[in-house]
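The values are calculated or read from the model by the stated rules, or taken from the named source; none is laboratory data. Only a predicted model underlies this, so the values are computations on that prediction, with no experimental measurement involved. Here the Cβ positions follow ideal geometry from the backbone for every residue, glycine too, while neighbour counts run over all protein chains shown.
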Amino acid sequence: MDILQARNNTIEQQVRPWGGLNNEANEFLKEICRENFVPEKYKKLAFADIEIPLNSTAKMLSPKLEGRILDIVNIQKDEDVLQVGTGSGYLTAVISKLAKSVSTIEIDEELSNSAQQRVQSLDINNVQFINTDFRDWRTTNFFDIVIIEASVPKIYNSYLHLLKKNGRLFIVEGEGKAMSAKLITRKSENNWESKSLFEVHIDSLIGSQLPQKFEF
């Protein structure tokens with residue numbers, strides 16, 4: 001496999017045709033070696049248009065969805081990002097190149113630890129790794145961007161209140177085959193704008209089918 005050609009083909013044949021048109025983000029999607037974040041037995045599929053299993057419960061998003069998300073949220077250099085679902089750490093590494101800082105939450109300790117090792121091996125030092133259940137996590141911080149890399153049946157107020165003014169939340173809402181990707185922008189203290197983007201199916205956030213333990 002010609003790795004450089006495979007990376008370029010992924011952008012030109014998968015990401016861009018599916019709406020991933022952010023040139024800076026696409027450059028970092030190529031620069032960060034995706035194949036190094038894929039489990040050994042799936043390395044030949046690193047650039048395939050599929051979700052790659054990381055363990056029995058977690059999957060790596062498809063390249064075209066990763067690119068589309070980055071295009072939608074349009075991360076700026078002075079922005080702080082919250083990522084829910086570290087997974088392999090690949091998208092974490094890409095986001096770190098676009099943002100001021102990244103806080104990334106992963107419920108699976110083994111995934112969180114291995115992602116941290118991979119990301120830090122690239123001399124990336126603006127990422128905070130948090131190994132916890134997102135539903136139990138508490139913070140007094142607000143974020144310019146929140147990316148939730150799993151679906152939820154309902155968008156809780158607690159998600160919305162993580163945003164700064166003009167902050168953007170990417171989230172997939174719905175259950176079963178009825179799921180919709182949405183971009184929610186905080187316009188003011190108590191006003192949010194929601195935009196439905198496209199239909200998609202991704203795995204649900206672990207435990208999201210249970211009642212939420214808190215609301216703001």
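Structure summary
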| item | result |
| --- | --- |
| Checking residue 135 against (1) crowded, with 18+ Cβ neighbours inside 10 Å; (2) modelled with pLDDT under 95, the condition it does not meet | (1) |
| Helices (runs of 4 or more DSSP H) contained in region 1-118 and holding at least 2 residues within 11 Å of the chain's Cα centre (by Cα) and of a type outside the set (Lys, Arg) | 63-73, 90-98 |
| Residues that are over 22 Å from residue 188 (Cα atoms) and either in a helix (DSSP H, G or I) or among the hydroxyl-bearing types (Ser, Thr, Tyr) (or both), drawn from region 127-147 | 132, 134, 135, 136 |
| Any hit, region 78-99, residues being buried (at least 17 other Cβ atoms within 10 Å of the Cβ), basic (Lys, Arg) and at pLDDT 95 or above | yes |
| Residue in region 110-121 that is out of contact with any strand residue (DSSP E or B) (no Cβ under 7 Å at 6 or more places or on another chain), buried (at least 17 other Cβ atoms within 10 Å of the Cβ), without any contact (Cβ under 8 Å) to a residue 40 or more places away in the chain and of a type in the set (Ser, Thr, Tyr) present | yes |
| Region 155-200, subset in a loop (DSSP other than H, G, I, E, B) and touching a residue at least 40 places away in the same chain (Cβ under 8 Å), residue farthest from residue 103 (Cα to Cα) | 200 |
